[in-house]
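S.K.: Before we start, here is the structure in question, set down as structure tokens.
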Amino acid sequence: MKATCQKQGNNGDEKMILNNVKEAYITDLIRKGKRADSRAPMEYRPIEVETNVFENCEGSAIAHLGDTKVLAGVKIDVAEPFSDRPNEGVFMVNSEFTPSAHPQFEAGPPNERSIELARVVDRGIRAANSIDLNALALPDGRVLGVFVDLYVLDHSGNLIDAAALAAMAALNNTRIPKYEPSSDEKKRGKLFRTESAGQLDIKSNVIACSFEKIEGTTIADATDEEEVASNGRLTIAIADGEYMVASQKSGAAGFKRQEIMNLFDAAVSKYAELAAHAKKR
Amino acid sequence: MGSSANKPQLIVDGKRVSGRGFSDLRNLKITAGVLKKANGSAMIEWGKNRILAAVYGPREVFPKHMTDPRKALINARYVMAPFSSMEEHGRSGPNRRSIEISKVAKHVFENNVLVHMFPKTMININMDVLQSDGGTRVAAVTAASVALVDAGIPVRDLVQGVSIGKIEGTQVSDLDKDEDNYGESDMPAIVSLRTGEVLLYQMDGKLTRVEVDTALSMIFEGAKIVREKQVEALRAKYESNLSEARE
């Protein structure tokens, strides 16, 4: 029961009354071909990415999509490889919807939305082989782990795209600490975090584009209010400006085959704009 | 997904290791009404997959504060049994993967079930993977759709799907376990053939535009075959009910 009874945001009495008002307002606008902030359907809000915002973690970035802010922190650690992939480093993405970011976010274990966000971002970067996991093997049979934590700081909609952007920008600016194996092979060696063994090598830049469907109209980069009115979302992650590397449909709406292809093209056309913000500084 | 040192060969002499052609599905059988207590149920046997779907509801919402005065709440639960895989004993209960799958499965039925007919209620859809062999999420949702109809809950369509992958550069239908683990791409989807809509869509791997388009076409082709098996299952159930009634 636990997993399936998590708060949905759209449920709960007082929340819902407000949401109904917002929904009616947004839907009404969309029917007239408008958006509350007068953007074109496929237009993103101003994008800004700050990198190296913290010193202690090996990589960090904050992505802003309009008022949405998502922080990515990257830590590099020594890890044991998975038994079926003995020579590959470990890559892991987690996310935290901090209660500071939105009145409907509650403290506690990650809910299904948070898990979905982390897994979609993870899949895109992993499938594109952005990080060469074989290069993360250490001389003593251990491997390096790359741990990305996505912190939603301010939720004004389209968290997946912002999180993917923050993750990519942080990874592009991640240093690898120096590792010295222990003389006793059974023991883990030591990481010298202040001594750099170079930058994490990123082979491919991945961005995510999410589209929300409201009353049959599809829009990009929805605000949180537009998301309340949305019937469903399709996220498409693009690598190197041409490949689909991850996709996820969420919400009740269905998407026809041609719609998916059109949104694939829309995501490809957004690649250059978004990837420019994710690249290495 | 991705490369691994001990990757087995997946295509031998132009055929898949199982002997299947590139667009062939594995053996598939669905049985409707396998449980007594549940309002509706179905067992799906698809390749080595064995998945039980059970539906309860519409019934009172628990927890109560989740009640929606406008529609029925869909509660989907996909879980893999600890003994279901070829690998070691798994942890019981939901993990991150199954929570995500439960979420996207829920969305399928939020679309598919006529939820506005049953305000202030909840419909529970349980999918228990007893043995897994690749493609469990599409198999589970396919079985759940049969279980919903078996429960007499009004739906827009029987929904079904298949997972389309890419192994050694070739796009194939209905990935089995090895093809899923060592293939280059996986795109599981659930569709409604009546509306032409894709209701569950996930993908990871690396596909060009043409490959995405081909995969979508293969999904709809595969779904037609799966749908026939769903109809067969329901027909068999109704016919047995009928003969019981005559006796």
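S.K.: Which of the trypsin sites (Lys or Arg not before Pro) across segment A:173-237 are loop residues per DSSP, with 14 or fewer other Cβ within 10 Å?
M.R.: Of the trypsin sites (Lys or Arg not before Pro), the ones in loops of segment A:173-237 whose Cβ has at most 14 other Cβ atoms within 10 Å are A:Lys186, A:Lys187, A:Lys203.
S.K.: Comparing A:Ser156, A:Ser130, A:Ser83, which has the greatest mean-square fluctuation in the GNM of chain A with Cα pairs linked when under 10 Å apart?
M.R.: Maximum fluctuation in the GNM of chain A, among the listed residues, is at A:Ser83.
S.K.: For segment B:52-117, which GluC sites (Glu not before Pro) are in a loop by DSSP, counting at most 11 other Cβ atoms within 10 Å?
M.R.: B:Glu87, B:Glu88
S.K.: Antiparallel DSSP bridges in the protein assembly as shown: what percent, to the nearest 5?
M.R.: 85 percent
S.K.: Is the shape of segment B:171-233 rounded, prolate or oblate, going by the alpha carbon gyration tensor and its root eigenvalues a ≥ b ≥ c, with a/c under 1.5 for rounded and a/b larger than b/c for prolate? All intermediate terms of the calculation are to be shown ahead of the outcome.
M.R.: Numbers: a/c = 2.32, a/b = 1.44, b/c = 1.61.
Oblate.
S.K.: Which of the peptides A:267-277, B:71-81 is most tightly packed, and how do the rest follow, going by the mean number of other Cβ atoms within 10 Å of each residue?
M.R.: B:71-81, A:267-277
S.K.: On to the next question. Add -39500 (n - 2.57) for each DSSP H run of 4 or more in chain A, then divide by its residues: what number comes out at 222 nm, to the nearest 500 deg cm²/dmol?
M.R.: Helix-only estimate at 222 nm: -9000 deg cm²/dmol.
S.K.: Per residue of B:99-106, what is the mean number of Cβ atoms on other protein chains within 10 angstrom of that residue's Cβ?
M.R.: Numbers: counts 11, 10, 0, 4, 11, 6, 0, 6.
Going residue by residue through B:99-106 and averaging, the value is 6.
S.K.: Which of the GluC sites (Glu not before Pro) found in segment A:30-126 are loop residues per DSSP with 15 or fewer other Cβ atoms within 10 Å of their Cβ?
M.R.: Hits after loop and neighbour filter: A:Glu43, A:Glu55, A:Glu106.
S.K.: Oh, and also: Among the complete DSSP H segments of chain B, which ones combine at least 18 Å of alpha-carbon extent along their axis with a mean Kyte-Doolittle hydropathy of -0.5 or more?
M.R.: Span-like helices, by this rule, are B:136-150, B:209-246.
S.K.: To the nearest 10 degrees, how steeply does helix A:257-278 sit against the main Cα axis of chain A, on a 0 to 90 scale?
M.R.: 50 degrees
S.K.: Other chains near A:239-249: what is the mean number of their Cβ atoms within 10 Å of each residue's Cβ? Write down the numbers at each step before the final one.
M.R.: Working: counts 1, 1, 0, 4, 8, 12, 6, 5, 9, 8, 11.
Mean partner-chain Cβ count within 10 Å for A:239-249: 6.
S.K.: Another question, if that's okay. How high is the relative contact order of segment B:19-246? Use alpha-carbon pairs under 8 Å, at least six apart in sequence, and give a whole percent.
M.R.: Worked out over segment B:19-246, it gives 23 percent.
S.K.: Please give the peptides A:245-251, B:158-164 ranked by average Cβ packing (other Cβ atoms within 10 Å per residue), highest first, as a rough proxy for protection.
M.R.: Listed from highest to lowest mean packing, they are B:158-164, A:245-251.
S.K.: Let me ask something else. What is chain A's relative contact order, in percent, from Cα pairs under 8 angstrom and six or more apart in sequence? Provide the component values of the computation, followed by the final result.
M.R.: Numbers: 600 pairs, mean separation 58.2, N = 281.
Here the relative contact order equals 21 percent.
S.K.: Is the C-alpha gyration tensor of the protein assembly as shown telling us rounded, prolate or oblate? Criteria: a/c under 1.5 is rounded; beyond that, a/b larger than b/c is prolate, otherwise oblate. Mind showing how you got there, number by number?
M.R.: Numbers: a/c = 1.70, a/b = 1.25, b/c = 1.36.
Because a/c hits 1.5 or more and a/b fails to exceed b/c, the protein assembly as shown counts as oblate.
S.K.: Hey, which of these cross-link pairs are over 25 Å Cα-Cα: A:Lys22/B:Lys71; A:Lys69/A:Lys280; B:Lys166/B:Lys237; A:Lys203/B:Lys177; B:Lys15/B:Lys106; A:Lys34/B:Lys106?
M.R.: B:Lys166/B:Lys237; A:Lys203/B:Lys177; B:Lys15/B:Lys106; A:Lys34/B:Lys106
S.K.: Measure nothing but the geometry: give the 0 to 90° angle between the long axis through the Cα atoms of A:112-127 and the longest principal axis through the Cα atoms of chain A, rounded to 10°.
M.R.: Tilt of helix A:112-127: around 60 degrees.
S.K.: Averaged over its residues, how many other protein chain Cβ atoms are within 10 Å of peptide B:203-215's Cβ atoms?
M.R.: Neighbouring Cβ atoms belonging to other protein chains average 6 per residue here.
S.K.: When Rg is the radius of gyration of the Cα atoms in chain B and Rh is its Kirkwood radius, what does Rg/Rh come to?
M.R.: In chain B, Rg relative to Rh is 0.99.
Read the figures in this text as sums done on the coordinates, not as results from a lab. Everything quoted here is computed from the prediction, not taken from an experiment. Using ideal geometry, Cβ is built from the backbone for each residue, glycine included, and neighbour counts are taken over all protein chains shown.
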